[in-house]
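What follows is a single structure, written as structure tokens, with notes after it.
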Amino acid sequence: MKQCPKCGQFFDDSASFCSACGAALGGGSQGVDFTPEPISWPGQPAPRKAATKQEFLKLPENKKMKNDILATAIVSYVFAGINAVVRVGMQGDLVAIIDVLLLVGAGLGIQLKQSRVCAILLCVDGAISVLVGLLATGTPYGYLILIFGIFAIIYTFKLDKAWKQYQTGA
């Protein structure tokens, strides 16, 4: 048994290349690049790397992530509608209007830009709603906004991590 001078992996004496890093194991020659070329079928364009986060999100392998982010945005719109009808329609106060606008804005930011900041804003709005509900009525209303805000944070941060890995090729 000998050791690869490049990566330190042990190999059989008869091996010509390191099975771990692909380096040539004799004669001082360079290692061989085993990176496969993208496969394209006749008549179809070769696969292209996504240039933007939105293009990355449209790749088939990211469908679930895209749907999860979209679901949190839709829930934000639903909560904005409920608040518009219940709080603005009945109470008509400025705080209720601001809350509706914040929910719609956070939903748009999450849906259109996959914004982590908007996801955090949605979560903060939910936490404030729970706190105000507990203090005012003793009932924690708005806890569903908080829960979906947490999901929005998880999904948008997961997307950002996957996008960074995709860009670096890791």
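Values in this text are rule-based calculations from the coordinates and carry no lab data. All values reported here derive from a predicted model rather than from experimental measurement. Here the Cβ is made from the backbone with ideal geometry for all residues, glycine too, and neighbour counts use every protein chain on show.
For a protection proxy built on the mean count of beta-carbon atoms within 10 angstrom, sort 126-134, 52-60, 100-108 highest first, please.
The peptides rank, most packed first, as 100-108, 126-134, 52-60.
Ranking Asp99, Asp13 by Cβ neighbours within 10 Å, fewest first, what do you get?
Ascending number of Cβ neighbours within 10 Å: Asp13, Asp99.
Given an 8 Å cut-off on Cα distances and at least 6 residues of separation, report the relative contact order of the stretch 53-168 as a percent.
Computed over the stretch 53-168, the figure is 26 percent.
Hey, got the dipole for the stretch 42-170? About the Cα centre, +1 on K and R Cβ, -1 on D and E Cβ, debye to the nearest 20?
700 debye
Check each of the trypsin sites (Lys or Arg not before Pro) in the stretch 70-170 and keep only those in coil by DSSP with at most 12 other C-beta atoms within 10 angstrom; list them in order.
Of the trypsin sites (Lys or Arg not before Pro), not one in the loops of the stretch 70-170 has a Cβ with at most 12 other Cβ atoms within 10 Å.
Could you tell me, in Å, what Rg and Dmax come out for the Cα atoms of the stretch 53-168?
Just the Cα atoms of the stretch 53-168 yield Rg and Dmax of 15.4, 52 Å.
Taking H placed 1.01 Å from N in the peptide plane, check which residues at least 5 places from Phe17 or on another chain put their amide H under 5 Å from its amide H.
HN-HN under 5 Å from Phe17: Leu25.
Can you return the lysines within cross-link range of Lys164? Criterion is Cα-Cα under 20 Å, with same-chain partners fewer than 8 residues away left out.
Lys49, Lys53, Lys58, Lys63, Lys64, Lys66, Lys113
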